Amino acid sequence: MCISHVRNICTLACCFDMSNDDSTNAKVKCDIHACFKLRWEKADPQSYYLYTGAALDPILKGLNSATELLYNSDKADISSVIDNTYDDIVNVLNTAANLYVHTCRKNYFKFWWDEELATLKRAAIESNKIWKAAGKPKQGPIFEKRQSMPVIEEL
């Protein structure tokens, strides 16, 4: 049995091995390194909105009918309705995110990379292309310009 809970920052996946008859020896394997970030700027918001609207509508209708029944029930029933409704909503939102929102590993992007470094890298790449197109000279103005560019390695 595997449980996965998706959040905006991390995914925590736990797998429980209940194959043993002795439940005290159950094996639990949790992967906390599989952290993902939702990339809302790459999402399909219209499809996400339509999917969540269609999927949450039955939950809302079920909640409306359940509240009428709960007025005459005990607290245990109310608690289970709230828990089930919460789980249903989270499942709909997770499914919608999996379908319509791109993800990437948490450390996929270089947090320290900024526009100034991007500009320097573009200039260095352009200077290198000019140098190669000129036959990779070992002296002269093209060589000097290429050598004067700040070194930006693949980081």
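Things to note:
- Selection count where residues are of a type in the set (S, T, N, Q) and surrounded by 11 or more Cβ atoms within 10 Å (Cβ to Cβ), scope segment 109-126: 0
Yes or no, residue by residue, for (1) modelled with pLDDT of 70 or more; (2) in a helix (DSSP H, G or I); (3) under 15 Å from Ala96 (Cβ atoms):
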{"position": "Ala34", "(1), (2), (3)": "no, no, no"}
{"position": "Asp57", "(1), (2), (3)": "yes, yes, yes"}
{"position": "Lys61", "(1), (2), (3)": "yes, yes, no"}
{"position": "Ser73", "(1), (2), (3)": "no, no, no"}
{"position": "Ser79", "(1), (2), (3)": "yes, yes, no"}
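- Verdict on Lys129 being surrounded by 11 or more Cβ atoms within 10 Å (Cβ to Cβ) and modelled with pLDDT of 85 or more: yes
The values are calculated or read from the model by the stated rules, or taken from the named source; none is laboratory data. Because the structure is predicted, anything quoted here is derived from the model rather than measured. Every residue, glycine as well, gets a Cβ built from its backbone with ideal geometry; the counts of neighbours run over all protein chains shown.
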